[in-house]
Amino acid sequence: MTTKTAKGYDFVAVPDIRTVDKKELTRFERIPTEILPTSQLASLTVAREIAELIKSKAAKGEKCVLGLATGSTPTQVYNQLVRMHKEEGLSFKNVITFNLDEYFPMQPNELQSYVRFMKEYLFDHVDIDMANVNIPDGTVAKENVYEYCRNYEAKIDSVGGIDLQLLGIGRTGHIGFNEPGSSITSPTRMITLDHITRVDAASDFFAQENVPRHAITMGVGTIMKAKKIILMAWGEGKAKVIARTIEGEVSEQVPATYLQRHSNTQFYLDISASAELTRVKTPWLVGEVTWDDYLSKKAIIWLCQKMEKPVLKLTDRDYAEHGMSDLVTEHGPAYQINIRLFNELQHTITGWPGGKPNADDTHRPERAMPATKRAIIFSPHPDDDVISMGGTFIRLVDQGHEVHVAYQTSGNIAVFDDDVIRFADFFRDLRKEFNYSNPQETDLYKGVKEALKKKKPGEVDTPEVMKIKALIRRSEAKAGARYVGIPDEQMHFLDMPFYETGKVRKKPIGEDDIKLIMDLLDKVKPHQIYAAGDLSDPHGTHRVCLDAIIQAVDRMKGEKWMDDCRVWLYRGAWQEWEIENIDMAVPISPDELMRKRKAIFKHQSQKDAAVFPGNDAREFWQRAEDRNHDTARIYDLLGLAEYEAIEAFRRYYF
């Protein structure tokens, strides 16, 4: 069952490890690490520590020197500090700050500038003396950068060094912009950004080619001089590099591992970012555990994959040799454990995602009745419906269910400028061809062309360009849904307000966003809701869209029709559900997989090369098919029936 927390939800279960010895619990970990239920709670914890340091220094008449980071990770910390300033009287008058890095070249007023970032999130909202604010200067003449960096270091030393340094972590394991290969003694300097770092930054700059190739960064050696270091990481996307950093050997290929050699470093993680740590992923290897159903299932699936053996072939000895003898003692023998799990896995598989009519549904994921169901597929972007669950979408329609699709956002930032000109030109020529011309249309074409010509890299589009980009995505979504087989009146374009900023950074979710979803739910009164549980979406849109759905569902759960409604979560281009988290597995035939591919192809603006490809060079249809093949392969390895592909879902209990 999905773990629900006070402020949201998470899909990683924290195991109950029966040990009072923390050293045993963390024996694979080389850096002190605290795991908190949510990033909100972790951020509040960090903000309180910063606030206490500021106040204790002020009480002594001393300056508090903070090293600050940018990016999405520390934003909630800054929000809390601003709140503390406004509501609790926290003063920043005794604070001196040094930021980690800045792109080069970079004007301070540009959208992607870290000067602008820090002002928007912190400095403009507190009483800090701007003379005490230090951020690497992206406008320094290139020939003067070396001397500038030496002076930056000297200024840190002149105020007694950094008392507390905040860090995030990049996918390459970089801290600041210290890329793989950086030395532990490296000083503040200009560096060349790693390809992966530039790919990850592409969304902020509206295309990888707009990302600067260089940056000025504090060196690892500079960071290591700080009296205390706090590194924060949120989300599944950081889980692997976090595990490598905390449990792996020190290596210049993962610069964050150098922090193992700092005498006062603390990591704060949310549950998702901790998923690959031994105490979370395989807790039976660090101590005695409470063998509940979920952990037993997770452990046995892990054992099968490690030994490459089907469930029914595991032996008592296999369990004993992999730290799982207690499971056999408590619930064994092995064969009985194996049979129970085999049956449970088998019961997740269904070719009838809407329920099989006139069948015993005791052990099926979905109810047999009503035989014809109303379903809503919520699609965060205009293509997530077919990319993520296109095979199930096709199956639901083919089996006669009334399927609606709700496209939550316009997706308008993910369209190349060239496509806008092409469509505007097509519109103009089409009107001319049919003698239905209008001078305003020519003006529109010229205006759009001129606006795009003047647009600087990373600059926000004009309203006209944004609208055309939205219409391009909308037409593609319609084409995909029509290909699957639903009528236009069952396609709903919500254009949720939080998204419509024209920037990668969106507004917080608001009442208007939630109301749009509630109104649609009330109109359709679905028996099934499908929503994206893919929280590793690098742009955060999926997480916000799911937040809105969950809030809407929780508010409406008292409605009578909700008694007969189930919520199923799918995952998208970025990841798949782990086998232990799958409650419904829908086999996809080779023909259906090809139909799914063709539905994805209808999204031509995302074909061949998407504006924001993320960290995977494959096209979306390739990612989807490989993911579906892999899920089927694992089911096959576990000893279940062999299928071409499988789409997976997890049930959300409200």
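Restrict the check to the range 616-635 and report whether at least one residue is farther than 26 Å from Phe416 by Cα and among the small types (Gly, Ala, Ser). Yes, some residue in the range 616-635 is farther than 26 Å from Phe416 by Cα and among the small types (Gly, Ala, Ser).
Residue-wise test of (1) more than 19 Å from the chain's Cα centre (by Cα); (2) open to solvent by less than 40 Å² (accessible area, probe 1.4 Å); (3) farther than 16 Å from Ala573 by Cα.
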residue: Ala624; (1), (2), (3): no, yes, no
residue: Arg627; (1), (2), (3): no, yes, no
residue: Thr631; (1), (2), (3): yes, yes, no
residue: Leu637; (1), (2), (3): yes, no, yes
residue: Ala641; (1), (2), (3): yes, no, yes
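For the range 606-622, the set of residues classified as in contact with an Asp or Glu (Cβ under 8 Å, 6 or more places away or on another chain) and surrounded by 21 or more Cβ atoms within 10 Å (Cβ to Cβ) consists of Gln606, Phe620, listed by residue number. Sort out which residues of the range 78-118 are surrounded by fewer than 22 Cβ atoms within 10 Å (Cβ to Cβ), more than 21 Å from Lys63 (Cβ to Cβ) and of a type in the set (D, E, K, R), and write them in order of number. Those that are surrounded by fewer than 22 Cβ atoms within 10 Å (Cβ to Cβ), more than 21 Å from Lys63 (Cβ to Cβ) and of a type in the set (D, E, K, R): Arg83, Lys86, Glu87, Glu110, Arg116. Within the range 276-323, being in contact (Cβ under 8 Å) with a residue 60 or more places away in the chain, β-branched (Val, Ile, Thr) and open to solvent by less than 10 Å² (accessible area, probe 1.4 Å) holds for Val280, Val286, Val289, Ile301, Val311. Does Pro613 satisfy the criteria of being at pLDDT below 95 and in contact with a helix residue (DSSP H, G or I) (Cβ under 9 Å, 6 or more places away or on another chain)? Yes. Contact map, the range 497-508: residues that are within 14 Å of Tyr407 (Cα to Cα) paired with residues that are assigned to a loop (DSSP other than H, G, I, E, B) and at pLDDT below 80, Cβ distance under 9 Å, separation 6+ or inter-chain. Pairs shown: Pro497/Lys507; Phe498/Lys506; Phe498/Lys507; Tyr499/Lys506; Tyr499/Lys507; Glu500/Lys506; Glu500/Lys507. Residues in the range 487-502 include at least one that is in contact with a Ser or Thr (Cβ under 6 Å, 6 or more places away or on another chain) and crowded, with 19+ Cβ neighbours inside 10 Å. Considering Ile421, Ile413, the condition of being at pLDDT below 95, crowded, with 24+ Cβ neighbours inside 10 Å and within 30 Å of Phe205 (Cα to Cα) is satisfied by Ile413 alone. Taken as a whole, the structure leaves Tyr483 outside the set of residues that are under 25 Å from the mean Cα position of the chain (by Cα) and not basic (Lys, Arg). Among the numbered conditions (1) modelled with pLDDT under 95; (2) open to solvent by 10 Å² or more (accessible area, probe 1.4 Å); (3) within 25 Å of Thr33 (Cβ to Cβ); (4) in a helix (DSSP H, G or I), the only one that Tyr258 does not meet is (1).
Looking across the range 635-654 at every residue that is part of a loop (DSSP other than H, G, I, E, B) and not hydroxyl-bearing (Ser, Thr, Tyr), the one that is nearest to Leu303 (Cα to Cα) is identified as Leu638. Within the range 368-386, the set of residues being surrounded by 24 or more Cβ atoms within 10 Å (Cβ to Cβ) and either free of Cβ contacts under 8 Å to residues at least 60 places away in the same chain or assigned to a helix (DSSP H, G or I) (or both) comprises Asp384, Asp385, Val386.
Taking every residue in the range 473-488 that is over 23 Å from Gly400 (Cβ atoms) and pairing it with any residue that is in a helix (DSSP H, G or I) and open to solvent by less than 60 Å² (accessible area, probe 1.4 Å), at least 6 positions away or on another chain, the pairs with Cβ-Cβ distances below 7 Å are Arg473/Asn412; Arg473/Ser605; Glu476/Ser605. Note on the range 143-178: residues that are at pLDDT below 95 and more than 15 Å from Gly71 (Cβ to Cβ) amount to 0. For the range 156-185, the tally of residues that are touching a residue at least 40 places away in the same chain (Cβ under 8 Å) and under 22 Å from Ile54 (Cα atoms) stands at 11.
The values are calculated or read from the model by the stated rules, or taken from the named source; none is laboratory data. Quick caveat: nothing in here was measured; it's all calculated off a predicted structure. All Cβ positions, even for glycine, are placed from backbone atoms using ideal geometry, and neighbour counts span all protein chains on display. Surface accessibility is based on the protein's heavy atoms, side chains included, excluding ligands, DNA and RNA. Shrake-Rupley method; radii C 1.70, N 1.55, O 1.52, S 1.80 Å.
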